[in-house]
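The values are calculated or read from the model by the stated rules, or taken from the named source; none is laboratory data. As the structure is a computational prediction, the values presented were derived from the model and not from experiment. Because the Cβ atoms are built from the backbone with ideal geometry, glycine has one as well, and the counts that use them run over all protein chains shown.
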Amino acid sequence: KEPTLGNPQNTIAVLQKHQFTFQKKFGQNFLIDTHVLDKIIRSAEISRDDMVLEIGPGIGTMTQYLACAAGKVIAVEIDRALIPILEDTLEGYDNVRVINGDILKIDLPKLVEEENGGRPIKVVANLPYYITTPIIMGLFEGDVPLKSITVMVQKEVADRMQAAPGSKDYGALSLAVQYYAKPYIAANVPQNCFMPRPRIGSAVIRLERYETPPVEVKDEKLLFSIIRASFNQRRKTLANGLKNSAELDFAKEEIEAAIEKLGKGASVRGETLTLEEFAELSNRLCRE
Ligand code: SAM
């Protein structure tokens with residue numbers, strides 16, 4: 001079935017038919033541009049073998065496109081008012097299941113087990129921006145079998161996810177994402193592609209999940225505590241960041257010795273370290 005949504009006229013018609021009112025608190029900005037929708041579907045590289053999880057289908061615009069490309073689509077929408085609309089706009093799309101729920105509360109490993117026999121899925125979404133980071137980190141950290149995540153996010157967040165050491169956007173989010181996946185910004189998307197128009201620019205980012213992380217660490221929790229501590233105090237040296245962290249409990253001497261071994265000097269700053277160097281530091285500090 002060919003998609004019917006993805007332009008302003010049909011979107012307005014659906015909204016009026018169901019007398020839908022936008023809820024700011026749910027981050028509702030619906031896509032009204034077919035080129036952007038095509039671009040997202042192409043970037044996600046979906047085939048009939050894939051099960052796709054869509055987070056926040058809204059009125060079902062992207063869901064229609066996903067249903068045409070994938071084997072199966074599971075769409076999780078929190079706003080109860082959208083459920084009857086989705087029943088209407090997705091009528092005849094037999095490979096779609098809509099779930100009314102909060103993506104942050106659903107047991108996704110269980111859902112993937114039931115719906116896809118535990119085989120890895122692809123996540124595709126125009127995300128609600130107020131919970132971008134918890135959604136993405138929840139997917140990576142929560143043992144969800146996953147091939148890739150292709151999502152619309154704030155441009156600034158996409159830049160942070162893809163940033164390399166030394167860039168102004170580089171930080172804890174860059175390292176957390178790059179530990180789990182290879183990021184690639186597929187497109188920048190202007191405000192006029194959405195209804196209502198958001199105040200900020202957006203971008204489509206594709207995160208391709210690594211089968212095994214690119215670095216070997218003895219203690220993942222410690223690695224992430226060290227990363228957070230290093231970026232908590234941006235203008236401080238790495239040594240001071242680690243010494244002042246409430247999460248870490250190392251002696252001044254231990255920290256200084258581990259940093260010394262990186263060979264970048266005692267006053268090195270966290271924002272210049274690569275993921276490999278953070279892993280090395282974390283493995284040196286790890287007490288087994
Ligand atoms: N996919 C639609 C589109 O592109 O036109 C809508 C995207 S809109 C940016 C985000 C959607 O996520 C909204 O429909 C919103 O109601 C939904 N949403 C917000 N918070 C959610 C949550 N915690 N769980 C599931 N859906 C959520």
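I need the full set of residues from the range 199-212 which are of a type outside the set (Ser, Thr, Tyr) and either closer than 27 Å to residue 256 by Cα or in contact with a Lys or Arg (Cβ under 8 Å, 6 or more places away or on another chain) (or both), in order please.
Going through the range 199-212, the residues of a type outside the set (Ser, Thr, Tyr) turn out to be 199-201, 203-209, 211.
Passing the criteria: 200, 201, 203, 204, 207, 208, 209.
Okay, residues lined up against (1) under 24 Å from residue 58 (Cβ atoms); (2) basic (Lys, Arg):
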{"site": "119", "(1), (2)": "no, yes"}
{"site": "123", "(1), (2)": "yes, no"}
{"site": "127", "(1), (2)": "yes, no"}
{"site": "132", "(1), (2)": "yes, no"}
{"site": "143", "(1), (2)": "no, no"}
{"site": "146", "(1), (2)": "yes, no"}
{"site": "150", "(1), (2)": "yes, no"}
{"site": "169", "(1), (2)": "no, no"}
{"site": "176", "(1), (2)": "no, no"}
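Filter the range 43-75 for residues that are surrounded by fewer than 17 Cβ atoms within 10 Å (Cβ to Cβ) and in contact (Cβ under 8 Å) with a residue 40 or more places away in the chain; which is nearest to the ligand (Cβ to nearest atom)? Let's see the steps before the verdict.
Initially, the range 43-75 is screened for residues surrounded by fewer than 17 Cβ atoms within 10 Å (Cβ to Cβ), giving 45, 47-49, 68, 71.
When the remaining residues are screened for being in contact (Cβ under 8 Å) with a residue 40 or more places away in the chain, the result is 45, 68.
On the way: 45: 19, 68: 15 Å.
Ranking the qualifying residues of the range 43-75, first place goes to 68.
Which of the residues that make up the range 49-104 are of a type in the set (Val, Ile, Thr), touching a strand residue (DSSP E or B) at 6+ places or on another chain (Cβ under 8 Å) and not in a loop (DSSP other than H, G, I, E, B)?
Taking the range 49-104 as the starting set, the residues that turn out to be of a type in the set (Val, Ile, Thr) are 52, 55, 59, 61, 63, 73-74, 76, 78, 83, 85, 89, 96, 98-99, 103.
With touching a strand residue (DSSP E or B) at 6+ places or on another chain (Cβ under 8 Å) added as a condition, the list becomes 52, 55, 59, 61, 63, 73-74, 76, 78, 83, 96, 98-99, 103.
52, 55, 61, 63, 73, 74, 76, 83, 96, 98, 99, listed by residue number.
Which pairs do you get when a residue that is over 15 Å from residue 277 (Cβ atoms), found in the range 218-229, comes within reach of a residue that is among the polar types (S, T, N, Q) and not in a helix (DSSP H, G or I), reach meaning Cβ atoms under 9 angstrom, with the pair 6+ apart or on two chains?
Sorted first by the residue in the range 218-229, then by its partner, the pairs are 225/245; 228/245.
Quick one: in the range 77-126, of everything that is within 12 Å of the ligand (Cβ to nearest atom) and of a type in the set (D, E, K, R), which residue is farthest from residue 205 (Cα to Cα)?
80
Among residues belonging to the range 127-144 that are of a type in the set (Val, Ile, Thr) and part of a helix (DSSP H, G or I), point out the one that is nearest to the ligand (Cβ to nearest atom).
Filtering the range 127-144 down to residues of a type in the set (Val, Ile, Thr) leaves 131-133, 135-136, 144.
Okay, now just the ones that are also part of a helix (DSSP H, G or I), so 131-133, 135-136.
Details: 131: 6, 132: 10, 133: 13, 135: 8, 136: 13 Å.
Among those residues, the one meeting the criterion is 131.
In the range 264-279, is there at least one residue being over 13 Å from residue 175 (Cβ atoms) and at pLDDT 95 or above?
Going residue by residue through the range 264-279, those that are over 13 Å from residue 175 (Cβ atoms) are 264-269.
After this cut, where a residue has to be at pLDDT 95 or above as well, the list is none.
Taking every residue of the range 264-279 in turn, none turns out to be over 13 Å from residue 175 (Cβ atoms) and at pLDDT 95 or above.
Go through (1) near the ligand (Cβ under 9 Å from one of its atoms); (2) exposed (fewer than 14 other Cβ atoms within 10 Å of the Cβ); (3) not aromatic (Phe, Trp, Tyr) and name the single condition residue 17 misses.
In the conditions (1) near the ligand (Cβ under 9 Å from one of its atoms); (2) exposed (fewer than 14 other Cβ atoms within 10 Å of the Cβ); (3) not aromatic (Phe, Trp, Tyr), residue 17 misses (1) alone.
What single numbered condition from (1) more than 20 Å from residue 17 (Cβ to Cβ); (2) away from the ligand (no atom under 12 Å from the Cβ) fails to hold for residue 37?
Just one mismatch for residue 37, condition (2).
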